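What follows is a short report on a single structure.
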Amino acid sequence: MIVAVILSAGESSRMGRPKALLPIDGVRFVEKIVAALESTDIGNIIVVLGHSAEEMRQKISDLPVTILVNHDYKQGQLSSLQVAIRHLESSSEGSPVDGILVHLVDHPYISATLVDLMIDRFYETKKLIVVPRFQGRRGHPVIFARALFPELLAAGTDQGAKPVVHAHRDDTLEVDTEDEGVLIDIDTPEEYRLHVKGN
């Protein structure tokens, strides 16, 4: 089973309001991402909150997800990913977890078809990391095999997951896609106006 982990702990300081709750196509960013993941072969969906966690929890309590809180969210995205991994390592519920699909809440354009393709290729190739690539550039989401959990937990939060990714270049599969959404990262009001029309 692959578990999706949506990282949504940051302060959204450049946006000025929570990116997870921004409207897009009549729903919220986090809602659009969860809906796409629900239609894939993903087993469970985890959302990691941090800044204003309780307020955010109330606002997304209607979603079919497990909500975790990263109290050390100011240490960066990896610290949120580590919260999710520790939760999975300590949980014995249901099917064994083969890996995690990590996605960022400020990347609202996620393709269910691409996610299923990445999951299929993960199992076919037995690679430790699977990442989408659009016109030569890597994007999100990214699959990490369970075998990498210890390394991700041991990595320094100041550097993020990059050292782990770099250490396993030969065990990384790049999946080419025509879906530009893997690169669209919306951090500012200007980027929001550019990429999200009619909201």
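Charge tally around D62: other residues with Cβ under 15 Å, Lys/Arg +1 each, Asp/Glu -1 each, net +1.
In the context of the full set of protein chains, the chain has a per residue accessible area of 49 Å² (1.4 Å probe).
So what's the back-of-envelope 222 nm ellipticity for the chain, counting only DSSP H runs of four-plus at -39500 (n - 2.57) apiece and dividing by all residues, rounded to 500? Provide the component values of the computation, followed by the final result.
Working: 7 runs with 64 residues, N = 199.
When only DSSP H runs of four or more count, the value is -9000 deg cm²/dmol.
Rank by packing, highest mean first: peptides 144-156, 35-47, with packing defined as the count of other Cβ atoms within 10 Å averaged across residues.
On the way: 144-156: 16.6, 35-47: 18.8.
Taking the mean over residues of other Cβ atoms within 10 Å, the ranking is 35-47, 144-156.
The number of Lys pairs in the stretch 1-130 with C-alpha atoms less than 17 Å apart, excluding pairs fewer than 8 positions apart on the same chain, is 4.
Of all DSSP bridge pairs formed entirely within the chain, close to 30 percent run antiparallel. Placing +1 on each Lys and Arg Cβ and -1 on each Asp and Glu Cβ, with no other charges, gives the stretch 45-169 a dipole about its Cα centre of roughly 540 debye.
Between E174 and A154, the distance separating the two model label sites (each 7 Å from Cα on the Cα→Cβ line) works out to 2.8 nm. Placing a label point 7 Å from the Cα of T113 along the Cα-to-Cβ direction, the residues of the stretch 131-160 whose backbone N falls under 17 Å from that point are 132-135, 141.
The values are calculated or read from the model by the stated rules, or taken from the named source; none is laboratory data. Remember, predicted model here, so these are calculated numbers, not experimental data. Every residue, glycine as well, gets a Cβ built from its backbone with ideal geometry; the counts of neighbours run over all protein chains shown. These area figures cover heavy atoms from the full protein model, side chains too; ligands, DNA and RNA do not enter into them. Shrake-Rupley method; radii C 1.70, N 1.55, O 1.52, S 1.80 Å.
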